[in-house]
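Participant: Before I ask anything, let me first share the structure, which is written out below as structure tokens.
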Amino acid sequence: MRSGNRIGIVGAGIAGLACAKVLSRAGFSVEVFDRTPDVGGVWSATRHYPGLRAQTSKNTYHFSDHPMPAEWPRVPDGQQMQEYLAGYVHRFGFENALRLRTEVVAADPVDGGWLLEIRDGDGIHRTSCDHLVIANGVSSEPAMPYFRGEDAYQAGGGALGHASQFVDVEAVRDQNVVIVGYGRSACDLAEAVSHVAASTTVVARRLTWKVPRKPAKGIDAEQLMLTRTGAAHFRHQEPGRFERFLHGPGRSFRESNLDLVQALAAKRLRLDELGLMPQGRIEEIADQSVSVATEGFYEQVAEGRISVRRESTIAELHVGQSGPTAILSDGERIAADIVVCATGFQQRVPFLTPYIQRQLTDDNGNFRLYRHILPLGVPHLTFAGYNSSLISALGAEVGAHWTAALLTGDLALPGLEAMAEHTDHRLAWLEERTRGKHAHGTAIEPFAIQNLDDMMADMGVKLPRGARAAQWVRPIRPAAYQVLGNRRSAAPVPPQGAPVAEGAYAGDA
């Protein structure tokens, strides 16, 4: 018998844990399912690829009410991030809500909720919930390209896999390693394995701009990427006053600033010298998401320990008398005992029926989620963590408060038609602005602060004036958002069958 306020959460990563903590404190009974043996999502010990680190510092990448230990390094590694999230669960006491080593294999809508089919060590079972939160992460299903000849390559002794499956650097000692991609995980992996591999080659279809952690003395990357002033240098769909100035009368000032950042990045990373200058302007880092340069990567390129084949792809994998090789699109053959694909992830929810999945996305596969949370055609369902950014922990926490306010009827939203129009307009803008490279509507860089503002405004909560003013010149500080936990108590959870406030959740009312 359901109590009328049971919440099922799929995923025990950052977003799922934030939802579990916030929703349980709002009076809901919460159950969190994850197929891994530990919490963490992308930070699970099962996915610690060599070189894995946070992109931003411990000063910005944490929950508002759970700072990282002062003695930790400025940029925590993968193991520390997993420990941090396990500590979050322990501190707020919701270990009993976790169902680890438990995979949700199917979720079907039923009258007033969801019927879940789950698989654990004892087999397949069924359970139910009144509301389902999908927090499976935008980096949960590896995207693997197909290479001509890959079956014969593997049968002949070559190894092929995705970066998320590669967790042991010793496995590549004295091997010829080829890494496909040029994103953060590709560069992290390349730098880590280059110290032990016989050769390390990065095959990059397109070089993208990276921002050094310290572009110049006295300048920190977070000052450029995680302040309101930095974000205003990129045109938002709904620009504010200062942004309109920078893209209007102050355009020359804006362009000069970006040119300076580009010059500093190129000089600091020695891009010209190494032949790794990307095509286009650094403003294009906003195409998908901002990437911080991997420490040591360009130094290893300079020393010849890493070789980058730019504007290239693998045309075929082959095993011959000389051993496993990769044949590139320009005809070059390179030794390739191991090929690691750092080629990203598919944004999909495999445990939902095809019919439900079609209700969630547009014709281009973009998730149609209002505020990156609320699907407009499927009741009793919300998403968490689909606003991926450099401050994902804070974005997930604010999103969890938004969801709690939604479910308690303490959130006044526009009507369905207005929300649909707003969502579709945003997706069309992203599609045009990034030429389709915006991770199916789930990446929000460089507008993470604006996303927080939107959710806060919906909840009628304002940051302290001083904290908001400081964000113009200082990187965002999560502690300022504790104001959400201090907001007026949410309305009581309505009993099953009772309507929520008008306009609060039209799909469930």
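The values are calculated or read from the model by the stated rules, or taken from the named source; none is laboratory data. Since the model is a prediction, treat every value here as computed from it, not as a measurement. Cβ placement follows ideal geometry from the backbone for every residue including glycine, while neighbour counts extend to all protein chains displayed. The accessibility values were calculated without ligands, DNA or RNA, using every heavy atom of the protein model including side chains. Shrake-Rupley method; radii C 1.70, N 1.55, O 1.52, S 1.80 Å.
Participant: Would you please state the base-10 log of I(q)/I(0) at q = 0.11, 0.12, 0.16 1/Å for the stretch 235-308, with intensities from the Debye formula using one equal scatterer on every alpha carbon?
Facilitator: Results for the stretch 235-308 at q = 0.11, 0.12, 0.16 Å⁻¹ read -0.39, -0.45, -0.70.
Participant: Please work out whether the stretch 1-154 counts as rounded, prolate or oblate from its C-alpha gyration tensor, where a ≥ b ≥ c are the square roots of the eigenvalues and a/c under 1.5 means rounded, while otherwise a/b larger than b/c means prolate and anything else oblate?
Facilitator: oblate
Participant: Between Asp272 and Ala457, what is 0.36 nm times their sequence separation minus the Cα-Cα distance? Round to one decimal in nm.
Facilitator: 62.1 nm
Participant: What is the calculated FRET efficiency for Glu170 to Ala216, with r their C-beta to C-beta distance and R₀ = 30 Å, to the nearest 0.05?
Facilitator: 0.20
Participant: Something else now. What percent do you get for the relative contact order of the chain when only Cα pairs under 8 Å and 6+ apart count?
Facilitator: Relative contact order for the chain comes out at 21 percent.
Participant: Taking a 25 Å limit on the Cα-Cα distance, which of the listed pairs Lys214/Lys462; Lys210/Lys462; Lys58/Lys210; Lys21/Lys210 fall beyond it?
Facilitator: Pairs exceeding the cut-off: Lys214/Lys462; Lys210/Lys462; Lys21/Lys210.
Participant: Next question. Given a Förster radius of 35 Å and the C-beta distance between Ser252 and Asp424 as r, what FRET efficiency does 1/(1 + (r/R0)^6) yield to the nearest 0.05?
Facilitator: E between Ser252 and Asp424, to the nearest 0.05, is 0.55.
Participant: With a 10 Å radius around each residue's Cβ, average the other Cβ atoms per peptide and rank 120-133, 5-18, 201-214, highest first.
Facilitator: Ranking the peptides 120-133, 5-18, 201-214 by packing returns 5-18, 201-214, 120-133.
Participant: I'd like the distance separating the alpha-carbon centroids of the stretch 40-88 and the stretch 109-157, in whole Å.
Facilitator: First find each Cα centre; the distance between them is then 25 Å.
Participant: What is the pair-distance distribution P(r) of the stretch 141-189, computed from all Cα-Cα distances in 10 Å bins starting at 0, with each bin given as a whole percent?
Facilitator: It works out to 19, 56, 24, 0, in whole percents.
Participant: Quick one: compute the contact order of the stretch 251-363, relative version, from alpha carbon pairs under 8 angstrom and 6+ residues apart, as a percent.
Facilitator: Reported relative contact order: 11 percent.
Participant: Just to be sure I understand: of the beta bridges DSSP finds with both ends in the chain, what percent are antiparallel, rounded to 5?
Facilitator: Antiparallel bridges: around 45 percent, rounded to the nearest 5.
Participant: Given a Förster distance of 30 angstrom, what is the FRET efficiency for His195 paired with Thr353, based on the Cβ-Cβ distance and rounded to 0.05?
Facilitator: 0.05
Participant: Still on this model: Tell me, what is the percent relative contact order of the stretch 1-81, built from C-alpha pairs under 8 Å that lie six or more residues apart?
Facilitator: Computed value for the stretch 1-81: 25 percent relative contact order.
Participant: Hey, another quick one. Name the shape class, rounded, prolate or oblate, that the alpha-carbon gyration tensor gives for the stretch 163-278, where a ≥ b ≥ c are the square roots of its eigenvalues, rounded holds for a/c under 1.5, and otherwise prolate holds if a/b is larger than b/c and oblate otherwise.
Facilitator: The shape class here is prolate.
Participant: How long is the gain from His90 to Ala263 if the chain were fully straight, where each residue apart is worth 0.36 nm and the alpha carbon distance is subtracted?
Facilitator: 57.7 nm
Participant: Return the carbon/sulfur percentage of the accessible area of the chain, one whole number, probe 1.4 Å, all protein chains in place.
Facilitator: 49
Participant: Let me ask another. So, for the chain, what is the accessible surface per residue at a probe of 1.4 Å, expressed in square angstrom?
Facilitator: In whole numbers, the chain has 43 Å² accessible per residue.
Participant: Give the dimensionless ratio obtained when the Cα radius of gyration of the chain is divided by 2.2 N^0.38 Å.
Facilitator: 0.99
Participant: I've got another one for you. Might you work out the accessible area of Glu303 for me, using a 1.4 Å probe with all protein chains in place, and round it to the nearest 10 Å²?
Facilitator: The accessible area of Glu303 comes to roughly 130 Å².
Participant: Give me the extension gain from Gln482 to Arg119: residue separation times 0.36 nm, minus the current Cα-Cα distance, reported in nm with one decimal.
Facilitator: 127.0 nm
Participant: Amide H to amide H, which residues 5 or more places from Ser128 or on other chains are under 5 Å from it, using H placed in the peptide plane?
Facilitator: Residues meeting the amide H criterion: Leu116.
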